[in-house]
1. Which residue pairs have Cβ atoms under 7 Å apart, sit 6 or more places apart or on different chains, and have a first residue in the range A:35-62 that is within 27 Å of residue A:253 (Cβ to Cβ) and a second that is open to solvent by 40 Å² or more (accessible area, probe 1.4 Å) and in a loop (DSSP other than H, G, I, E, B)?
2. I'd like to check which helices (runs of 4 or more DSSP H) are fully inside the range A:167-268 and have at least 3 residues that are away from chain B (no Cβ under 13 Å).
3. Regarding the range A:112-124, can at least one residue be identified that is away from chain B (no Cβ under 14 Å), part of a loop (DSSP other than H, G, I, E, B) and over 24 Å from residue B:175 (Cβ atoms)?
4. What about residue B:180, is it out of contact with any helix residue (DSSP H, G or I) (no Cβ under 8 Å at 6 or more places or on another chain) and either within 14 Å of chain A (Cβ to nearest Cβ) or of a type in the set (Phe, Trp, Tyr) (or both)?
5. Listed residues B:41, B:52, B:69, B:56; which is assigned by TED's automatic domain parsing to the domain that holds residue B:247, touching a residue at least 24 places away in the same chain (Cβ under 8 Å) and more than 30 Å from residue A:159 (Cα to Cα)?
6. I'd like to verify a number: residues in the range A:258-286 that are open to solvent by 40 Å² or more (accessible area, probe 1.4 Å) and in contact with a Pro (Cβ under 9 Å, 6 or more places away or on another chain), how many?
7. With A:245, A:241 as the choices, which residue is farther than 23 Å from residue B:187 by Cβ and either in contact (Cβ under 8 Å) with a residue 24 or more places away in the chain or surrounded by 21 or more Cβ atoms within 10 Å (Cβ to Cβ) (or both)?
8. Kindly establish whether residue A:40 is aliphatic (A, V, I, L, M), in a helix (DSSP H, G or I), out of contact with any Pro (no Cβ under 7 Å at 6 or more places or on another chain) and open to solvent by less than 40 Å² (accessible area, probe 1.4 Å).
Amino acid sequence: MSAQDPALVVEGLTVRAQGLAHPLVHDVSFTVGRGEIAALVGESGCGKTLTASGLLGPLAAGLQRTARVIRLAGNEITGLSEGALRTLRGRALGMVFQNPMSALNPSLTLGEQIGEVLRVHTGARGAPLEREAARLLACVEIPDPERALASYPHQLSGGMRQRALLAIAIACAPRLLIADEPTTALDVLVQSQILALIARLGAQTGMGVLFITHNLALAAQYADTVLVMYAGRLVEAAPAQAFFQGPRHPYSRALLAALPTLAARTAHRLPDIPGEAPAAHAIVNACAFAARCPRADAVCRSQVPPLSGDTHRFACFHPEESS
Amino acid sequence: MRPWLEVTGLGVDFPKARGRRALAAVSDVDFTLARGETLGLVGESGSGKSTLARALVGLIPPTRGQVRLDGVDVTPGKGQDGARGRLQMVFQDAEGAMNPRLRVGAIVAEPLRWRGMGRSARAHEAETLLARVGLPRDLMTRFPREISGGQRQRVALARAMATAPELLILDEPTSGLDVSLQARTLNLLRALQEGSGLSYLLISHDLGSVAYLAARIAVMYLGRLVETAPTEALITSPRHPYTAALLAALPPLVRGAHGPVAAARPDKAAGAGPGGCAYQPHCPYAQARCHTHRPPLTPGRPAHAVACHYPLPPGGPGP
């Protein structure tokens, strides 16, 4: 892998479930550059996590992945054997999850858990291994790393646990970090601190980050790219600045409008989005958002709008004005 | 005039192992609430927000202090039953707060037994309650795991309404919900309150949601209230450095034109010495006096109280 390759290139990722005629994740394409944070946003059930696990992870029974291209740090992984894929994942991919307590083993110290990862992937032993584990904890800005190594997960605060998970995730200097709702269980101040830390690590090491979240405010603050997913498809993909200045898809705009910002405190009601998001496999030959969209017409109900555009892509026949 | 709900000097201690001092999780909490009013309670995890809520409804008996409702002492653990059913709590983890073996209809109907209703009256009332929170009647026969997170949140709300409470204590009612569901829940809470005289104590770390629902906000830090003020004043003119730091830490998209306010980033505190201000280790404005004397929550005008020896000047974002 060359140092110049993007962290991740995905083209045409589709995930199907056995017994369903239509896919759960449909033809998703995007790139995560070196040192870049790409935020994958959308409501629960829209396919964010399935997209992330469909990329590189082993899928649950009954699910099947197809893709034209999935390149992790320059390595094409479509067609790799499970063994080769596992080696590549260990070397180039790190993951952090929403609930740090359940992702850590409650009966092992942090030192033992970080040590295990280092032993398996780097073969380190003894004193060098301990030094490396302490260095990793220092990287994620845990004060007094020596003491933290001897601690059990329950002795740490939520924010510290998430930092410890992050230390494990970056132990092998991955080229891509998948962070699936890493801060949802944490409070606002700690959320910001963890995201700022992830951004610093990305900038220092060139690691790309796929940040899965439903928190648009955090995405606005830290993401370089925004990918909006709805009912299994990308409906908008754009540089963060362009996106937040002028989202083109009505769904994106509705999401932003529904945020309880300080400015909204005097509003009589928050503009929520009527109705429910449909299941990804339930909508064929129509825009999945049409039923909830104020701009929808007959065309939207009879064709799927393609995701088109150059740097700012959106899938809509009647997009919002650009600003 | 007497306030409707009056909490004075409330404190909760957690006992520690033998020979060690008890941990004061909540100390010296004073606040009042009027009928139909919403008070927001904000602070970090571990600041004692949920412990305070639990003490108010008696899930954790308060160690000190008094709760008065309409002038009557209803402090939990003192033997009186005066506030029973009048104060209700809606828990953060709606799924964890429900019996997984009961159907939604039974979950909502259960508190109605306490009102002495017969079986058919309970079923009918449960249906009415579900309708009030915008849920269809066919949900009655489902189990909690069979419905979505947003629907479970509403079921929890319907169940809390079953005793016709006068105060709902809402513990992080929208955390973990999607943006759209969050907006819908906030709208629903506001609609339920309109014209009903229902009061809310809204506990959240999300200042945006709190500002939308609450007329007044109380800020908690390590078990103590450090600032209480009308929402508008708290947001546009915070006096406590910790409040200013909370506002400054909001993502710009939420904060909008407010701030950023110059203040140090608060992190988990080890706490000051026993006598000093708890926020002093993180405070950019701390002086010698802050190390040795704890500032009391001092009322100012208009209805803006702050616990700080050197509060930020009124009327502007930051010093």
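The values are calculated or read from the model by the stated rules, or taken from the named source; none is laboratory data. Since the model is a prediction, treat every value here as computed from it, not as a measurement. Backbone-built Cβ (ideal geometry, glycine too); neighbour counts: all protein chains shown. Ligands, DNA and RNA are stripped out before the accessible areas are found, and what is left, the full protein with its side chains, is counted by its heavy atoms. Shrake-Rupley method; radii C 1.70, N 1.55, O 1.52, S 1.80 Å.
1. From residues that are within 27 Å of residue A:253 (Cβ to Cβ), the pairs are A:36/A:224; A:37/A:224; A:38/A:224; A:43/A:277; A:45/A:277; A:46/A:277.
2. A:188-205
3. We begin by selecting, within the range A:112-124, every residue away from chain B (no Cβ under 14 Å); these are A:112-124.
Subset that is part of a loop (DSSP other than H, G, I, E, B): A:123-124.
If we keep only those that are over 24 Å from residue B:175 (Cβ atoms) too, we end up with A:123-124.
Looking through the range A:112-124, at least one residue is away from chain B (no Cβ under 14 Å), part of a loop (DSSP other than H, G, I, E, B) and over 24 Å from residue B:175 (Cβ atoms).
4. Details: out of contact with any helix residue (DSSP H, G or I) (no Cβ under 8 Å at 6 or more places or on another chain): no; either within 14 Å of chain A (Cβ to nearest Cβ) or of a type in the set (Phe, Trp, Tyr) (or both): yes.
No: the conditions fail for residue B:180.
5. Working: B:41 fails: more than 30 Å from residue A:159 (Cα to Cα); B:52 fails: more than 30 Å from residue A:159 (Cα to Cα); B:56 fails: more than 30 Å from residue A:159 (Cα to Cα).
Testing whether each residue is assigned by TED's automatic domain parsing to the domain that holds residue B:247, touching a residue at least 24 places away in the same chain (Cβ under 8 Å) and more than 30 Å from residue A:159 (Cα to Cα) leaves just B:69.
6. Matching residues across the range A:258-286 total 1.
7. Working: A:241 fails: either in contact (Cβ under 8 Å) with a residue 24 or more places away in the chain or surrounded by 21 or more Cβ atoms within 10 Å (Cβ to Cβ) (or both).
After applying the criteria, what remains is A:245.
8. Working: aliphatic (A, V, I, L, M): yes; in a helix (DSSP H, G or I): no; out of contact with any Pro (no Cβ under 7 Å at 6 or more places or on another chain): yes; open to solvent by less than 40 Å² (accessible area, probe 1.4 Å): yes.
Here the answer is no, as residue A:40 does not meet what is asked.
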